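These notes are about the structure you will find just below.
The values are calculated or read from the model by the stated rules, or taken from the named source; none is laboratory data. It should be emphasised that the depicted structure is a prediction, and the values quoted were computed from it without experimental measurement. Counting neighbours? That spans all protein chains shown, and the Cβs are built from the backbone with ideal geometry, glycine included. All accessible areas refer to the heavy atoms of the entire protein, side chains included, with ligands and DNA or RNA removed. Shrake-Rupley method; radii C 1.70, N 1.55, O 1.52, S 1.80 Å.
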Amino acid sequence: MGLYNDKVMDHFFNPHNVGEIAEPDGAGTYGSPVCGDMMLITLKIDDNEIITDAKFKTYGCGTAVASSSMATDMIIGKSVEEALQVTNQQIIDELGGLPAIKVHCSVLAEHAIKSAIYDYAQKHGKTYEALEGFDPNAEEDDHSCGVDLSEE
Ligand code: FES
């Protein structure tokens, strides 16, 4: 097998949910200071707090595309509370694994989803335990990456 498995390659070549929802209920971006890549996630959320649609735009690497494709697939149909529980490790697992150096790309997807839900919460006066202490503008911290691009 090459560096990337077939599922990752499929989500890269045929990504799901690409684009931007007009008048979203929540929108969040996240840029990685590690690599400079950036992701925008927009959400439609109904009155029952169910995510009825999610789209992404990623200005980044192929793994970021595959991660956001999978991540948006995973949260559509979920409640906001359930979507907040989605971790980058679950995204990796659903993709069937990522090379270690590309793990941080999945963190981008997790963070962008949380940012979009944070925006929704702000606009709708909601609070969620999982967002306590969450800062949408925070930079990636140690748990996320450890990739030293200077070695490439
Ligand atoms: Fe930065 Fe993949 S998101 S290298």
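About the Cα centre of the chain, how large is the charge dipole given +1 on each Lys and Arg Cβ and -1 on each Asp and Glu Cβ? Please answer in debye to the nearest 20.
Details: 9 positive and 27 negative charges, 77 e Å.
Result for the chain is approximately 360 debye, rounded to the nearest 20.
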Nearest-20 debye value, the range 81-123 charge dipole, Cβ charges on Lys, Arg, Asp, Glu: 200
With the 1.4 Å probe rolled over protein heavy atoms, the chain has an accessible area per residue in Å² of 51
Can you name the helices of the chain, as whole DSSP H runs, whose Cα span along the helix axis is 30 Å or more and whose Kyte-Doolittle mean is not below -0.5? 103-124
Lys pairs, the chain - Cα-Cα below 28 angstrom, 8 or more residues apart or on other chains: 29
Relative contact order in percent for the range 1-137 (Cα pairs under 8 Å, 6+ apart) equals 29
Considering only protein heavy atoms and a probe of 1.4 Å, how much of the accessible area of the range 43-119 is carbon and sulfur, as a whole percent? 47
